[in-house]
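Every number in this text was worked out from the coordinates using simple rules, so none of it is lab data. All values reported here derive from a predicted model rather than from experimental measurement. All Cβ positions, even for glycine, are placed from backbone atoms using ideal geometry, and neighbour counts span all protein chains on display.
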Amino acid sequence: MLTGKCQCGAIRYEASGDPIYSAVCHCADCRASTGAPLTGWALFPQDAVKIEGQPVLYKSSEHATRQFCGTCGTSLFYTNPVAFAGAIDILSATLDDPTAIPPQVHVQVAEALPWVAAMDGLPKFDRYPEG
Ligand SMILES: [Zn+2]
Ligand SMILES: [Zn+2]
């Protein structure tokens, strides 16, 4: 059983079993919704996920609904009955163990920010650099 929550804890969830798939998404809609350059997702059957609390719903395109915490703003879920019938996508970084579901693939790379591919080559600091 995997568990997760928004930053303030008003919305909590449990997911049982294995995800259908997991991915890092580079699309502009995910970017606009989360404020992050790319987002990790784990798709589960809807009936494998129990949600406590009331997320706010936002229809981000014709068939897509995004769900987030109205108190702290954490993005949590995505549903799309056309693309993912009977399933719910979970932002995998909101898991209590965010390492639990590593992504298997990159999707929507056609919309990726041009600098994302070069990120791994940038200088790295364990914390903020001095001075
Ligand atoms: Zn919250
Ligand atoms: Zn996306």
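Some points to look at:
- Scanning the stretch 105-131 for residues that are assigned to a loop (DSSP other than H, G, I, E, B) and loosely packed, with under 12 Cβ neighbours inside 10 Å gives P114, W115, L122, P123, K124, F125, D126, R127, Y128, P129, E130, G131.
- Any hit, the stretch 68-75, residues being in a strand (DSSP E or B), surrounded by 20 or more Cβ atoms within 10 Å (Cβ to Cβ) and either more than 10 Å from ligand 2 (Cβ to nearest atom) or of a type outside the set (V, I, T) (or both): yes
- Neighbours by Cβ (under 7 Å, 6+ apart or cross-chain): first from the stretch 37-55, at positive phi; second part of a loop (DSSP other than H, G, I, E, B): G53/A10; G53/I11
- Of all residues in the stretch 76-95, none are surrounded by fewer than 13 Cβ atoms within 10 Å (Cβ to Cβ) and acidic (D, E).
- Applying the criterion of at least 2 residues that are buried (at least 16 other Cβ atoms within 10 Å of the Cβ) and within 13 Å of ligand 2 (Cβ to nearest atom) to the strands (runs of 3 or more DSSP E) found wholly in the stretch 11-52 leaves 21-25, 39-45.
- Of all the criteria given as (1) within 14 Å of ligand 1 (Cβ to nearest atom); (2) more than 29 Å from P114 (Cβ to Cβ), the one not satisfied by T74 is (2).
- Some residue of the stretch 11-22 being of a type in the set (A, V, I, L, M, F, W, C) and within 11 Å of the chain's Cα centre (by Cα): no
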